[in-house]
Amino acid sequence: SWQVVVSDLLHLGFAYLLALPIGWNRELEDHSAGIRTFPIVAVAACGFVMIAAAIPGVTADSYSRVLQGLIT
């Protein structure tokens, strides 16, 4: 439904907006990963967590493994 799509896009947009200041700061300090890299990684991580949460029958243990993989 459209509500789910809008909700997912809002979550991805929020992840993007949260990563922008970190990327901007690194860009100003001339680090290799900056304004493009951090938002892409944040949106991808948010997407993986959203996919893991949407799978039917997900247990806390399997959800924890997804989060552990992202952190690693």
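Observations on the model:
- Test: GLY47 is in a helix (DSSP H, G or I) and in contact with a helix residue (DSSP H, G or I) (Cβ under 9 Å, 6 or more places away or on another chain): yes
- Residue in region 25-72 that is farthest from GLY13 (Cα to Cα), counting only those that are exposed (fewer than 13 other Cβ atoms within 10 Å of the Cβ) and in contact with a Gly (Cβ under 9 Å, 6 or more places away or on another chain): LEU28
- Set side by side, the residues THR59, THR72 differ, and just one is under 25 Å from VAL4 (Cα atoms) and either among the polar types (S, T, N, Q) or touching a residue at least 40 places away in the same chain (Cβ under 8 Å) (or both), which is THR59.
A short reminder: the numbers here are calculations on the coordinates, not readings from a lab. What you are looking at is a predicted structure, and each value in this text was computed from that prediction instead of being measured. Positions of Cβ are backbone-derived with ideal geometry, glycine not excepted, and every protein chain shown enters the neighbour counts.
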